[in-house]
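To start, the structure itself, in structure tokens.
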Amino acid sequence: MNIEDLSKAQLILLTILVNFVTSVATGILTVSLLDHAPALVTQTVNRVVEHTIETVASVAPATIVQAPAPSNQDLVTAAIGTDAMRTVAIYAAETGTSTPAISIGTYLPKSRSVITAMQDGLPRETLIAFTSGAYVPASLAHQGGQLAIYGFSDGVSLPKMTSPALIAAGDLKLGQTVLALSADGSATTGIVARVTNKGIYTTLPDIGAGSAAVDLSGNLIGISTGATPGLLIPSNVITGLLTATSTATSTAAVK
């Protein structure tokens, strides 16, 4: 067959075949020569090959696989779920759970306390109902700034969960997302509309006295007063009360 009669595809296949045979022959010839070459030559060739491999490996860029960033929906559902875990029901110790809950509050694991809004009928001795199903006695430890703090005795076993960070009012930004659970357990969202010395004004509806509002990370922004829809008592007040409670406890212990 005349090579001029071959088609383009046949010419390409022929070229590949010739290159393949040439490569195989070159490899065989090289191995054969190395077998008969002096040890010094063989060592030199091996070093060149190893150095070439190391150079290529160091130059090749490392592939870093990054996990996708959580979506806004993921952040919202996670924050609401965290807020729900910390939400507790407050019952009067005298009647227990035979009567409806007097109020709702937020459990602060780090300080072993429950924060809620001041309102008429809050007893000094209460029974705190956790979402885990546990019922734990608590006593009024401190009140002020429209808030009340209930504390637990040192020997009481409490549910374990992550304690929220308390976000100061000065760190909030207008338009920042605010999430909350209302007294009936329904989730709602809003934004920070205004921050004044009276509190944090948001676009949240009436979520009930004592309900907590959190940011997208599940950190505590404030507590609802229940008097004005969307108005929150800032976390600064909570921090002040916790400090006062801790100081009072330490003073009592010294006496």
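Computed from the coordinates by the stated procedures, all read-outs in this text should not be read as laboratory data. As the structure is a prediction and not an experimental result, all values here were calculated from the model. In this analysis, Cβ positions are derived from the backbone assuming ideal geometry, glycine residues included, and neighbour counts consider all displayed protein chains.
Brief remarks follow.
- Extension gain for Thr97 to Ser139 (0.36 nm times residue separation, less C-alpha to C-alpha distance): 13.5 nm.
- At R0 = 45 Å, FRET efficiency that the Cβ-Cβ distance of Asp74 and Thr243 yields, to 0.05: 0.85
- Annotation: peptides 173-183, 89-99, ranked by per-residue average of other Cβ atoms within 10 Å with the highest first, follow the order 173-183, 89-99.
- Three-way shape label, region 84-162, alpha-carbon gyration tensor, a/c 1.5: rounded
- In this label model, Ile191 and Arg112 are separated by 4.3 nm, measuring between points 7 Å along each Cα→Cβ vector.
- Stretch gain in nm, segment Asp120-Thr162, where the contour uses 0.36 nm per residue and the Cα spacing is subtracted: 12.1 nm
- Between Ser182 and Asp154, residue separation times 0.36 nm minus the direct Cα-Cα distance comes to 7.0 nm.
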